[in-house]
Every structure is written in C-alpha cells, then in structure tokens.
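Shown next, in structure tokens, is the structure this report addresses.
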Amino acid sequence: MKFIDKLEKSFEETKSLLQIGLDPNPNLFPHELRHKKNSILDFCIGIVDATAEYACSFKPQIAYFSANRAEEQLEELCSYIKNKYPNLPIVLDSKRGDIGSTAENYAIEAFERYKVDALTVNPFLGFDSIIPYMEWKDKGIIVLCRTSNPSGSDLQFLQLNNGLLLYEYIAKLVSKEWNKNNQFGLVVGATYPKELSIVRKIIGERMPILIPGIGFQGGDIKSTVLSSINQKGNGIIINSSRSILYASNNDNWKESASFAAKSLRDSINNIINNKFCKII
Ligand SMILES: O=c1ccn([C@@H]2O[C@H](COP(=O)(O)O)[C@@H](O)[C@H]2O)c(=O)[nH]1
C-alpha cells in the first residue's frame, strides 16, 4: 500500500492527527531505566504502547539513536511498531540530502534496514538527490519546506527572481513537479501558521503536511490546525515529541505520556469538531 493511502486510512481509523515523536534522550529517562542495557528500546516501546491508541503515526528521529550507538535498537523498535501496530505509518526523521549515489544508500537504510513507511529529506541538492527515494514507489518522501526553528528564515525567506519566497517555491516545485506518483509531503513548522496556510493553498488538498513545533517549541494548536487542515478535516500530521516523552520521569512516566498524548489528540479533535461540527 502506498504511504499516502496508509496515512489516510490511519486518519480514518484512529480519528487522530497526532504523531508521537520518538526522540529518546537517556539523560531524561525515568530512574528505573537509567544506565540499563537497551534502555532506549525499552523507553521507546513503553512510550509506543502507552500512546498508540491516540496516535496516527510514529516519528523516530535517527540522531537520538545514532548518537547513542543505538541503531540496532532503532531497527528493533521499527520492527516492533510494524508488528504490533501495522496500520500506523512510521516516518523516519533523518532529513537526508546528498548526491544520488549516496542517496541510494540513505534510501536502503530507511526502507530496507529500518523498513519505515516514509522519511524526511532536505531539498537543497535538488531533484537528482531525491530520485533514489522515488524508486521506492510505495514509500513517502517528506521534504523540508518551512522549518519550525527561528533561523529557518535565513534561507527559507529569501526572495527569488520569480517573486516567490524560497519556501513557497519548494512547496510549488514539490507539489506541481515532483509529486507525479503521490509520494510527497512537506514539513512546515507549527511556529509559522501564516506560512502553513500559504503552503496549503499552494499544494492543494491531498498532500500531507508534517507539522513539528507543538509543545516545547511553543506552536499554537488552534492556529496550526485551522491554517493547515484540508476540507476533509485531515491532511496534517501534528508531531509532538518532548512534551509527551518527558511528561514525567517518575514511576508514572507511561501513564503521564499516555495522558499527554490523549489531551493533545483531544485538543486537536475539538478544534476540528468546532470547525466542521462533526467528529473527524
Ligand atoms: O522543522 C522541523 C523539522 C523537524 N523537527 C523535529 O521534530 C521534533 C520536534 O520535537 P519537539 O520535542 O516536539 O519540539 C524533533 O525530532 C525535531 O528534530 C522540528 O522540530 N522542526
């Protein structure tokens, strides 16, 4: 099944637009897991099981695993999610971007080693750096467009000769030229609701937008949802990582993560229900 179909099925079945970000930082782990072998895997599995019922997707961020020499734990985690929650797409946040021959290996890493449904990529090297991911026709490719960090504006707000800002041009290029096989999505930060609505207008109804920046980065949930949602009341994947993962580091860490995920999922759905006067 293609990534876009799996994602839309997940929106329908889970009634959730919330993606749980898996950014395991051992320094913030609950005491029971500190200094234990495979604690990254145990922590992530604890979070996955505690939050899966409120999620439409999971997003492991690869740097947290490789920095801790825990790539094998990431492999096991992806396989665990795939087996236990086969309908929830996994997006590997790897932000890859390199020449084609290297990109081929990044694609093998994501789609053969970790067997994820989609990955994030950086468009800076242009189309030939993206082609190797497109060979995997069922997989999703989510392109950085307007990132959530303040310095994203340094480059993404540069005005081009055609009058567009760089992030607008990326949205246009990806949606109108690269997306022939419906494989693409875009990353736009919750910290920029005005840009979210501009991007939604450029890309049309179906292309998904992955939205980080809710929680620790201070993005506002209401303006995020209202500026980016499509006419069906979905089309967005709202990511939150630290606010859910580290809701508590006491004995109740799983219950706290579960509560934080449920609260965020409910807040998102309430905004959608008020807009459309229905349950999504
Ligand atoms: O523009 C971007 C692109 C990716 N991210 C990633 O999302 C999560 C956000 O974590 P929080 O703890 O919810 O702030 C993290 O993995 C980032 O690498 C982003 O924040 N902004």
Conditions (1) in a helix (DSSP H, G or I); (2) more than 20 Å from M134 (Cβ to Cβ); (3) away from the ligand (no atom under 14 Å from the Cβ) -> Y167 fails only (3)
Being modelled with pLDDT of 95 or more and away from the ligand (no atom under 16 Å from the Cβ) narrows K194, K278, K201 down to just K201
Scanning the range 251-279 for residues that are free of Cβ contacts under 8 Å to residues at least 40 places away in the same chain and part of a loop (DSSP other than H, G, I, E, B), which turns out most open to solvent (accessible area, probe 1.4 Å)? C277
On the given criteria, is K9 surrounded by 14 or more Cβ atoms within 10 Å (Cβ to Cβ), within 30 Å of M134 (Cβ to Cβ) and out of contact with any helix residue (DSSP H, G or I) (no Cβ under 9 Å at 6 or more places or on another chain)? yes
Any idea which of (1) assigned to a helix (DSSP H, G or I); (2) touching a residue at least 60 places away in the same chain (Cβ under 8 Å) is the one K137 doesn't satisfy? (1)
List pairs: first in the range 236-250 and over 12 Å from P212 (Cα atoms), second open to solvent by less than 10 Å² (accessible area, probe 1.4 Å) and near the ligand (Cβ under 7 Å from one of its atoms), Cβ under 6 Å, 6+ apart or cross-chain? none
Enumeration of residues in the range 86-124 that are surrounded by fewer than 17 Cβ atoms within 10 Å (Cβ to Cβ) and basic (K, R): R113, K115
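The values are calculated or read from the model by the stated rules, or taken from the named source; none is laboratory data. Note that the coordinates shown come from a computational prediction; the quantities given were computed from them, not determined experimentally. Neighbour counts are summed over all protein chains in view; Cβ atoms, including those assigned to glycine, are modelled from backbone coordinates with ideal geometry. Please note that ligands, DNA and RNA were not included when accessible areas were found on the heavy atoms of the full protein model with its side chains. Shrake-Rupley method; radii C 1.70, N 1.55, O 1.52, S 1.80 Å.
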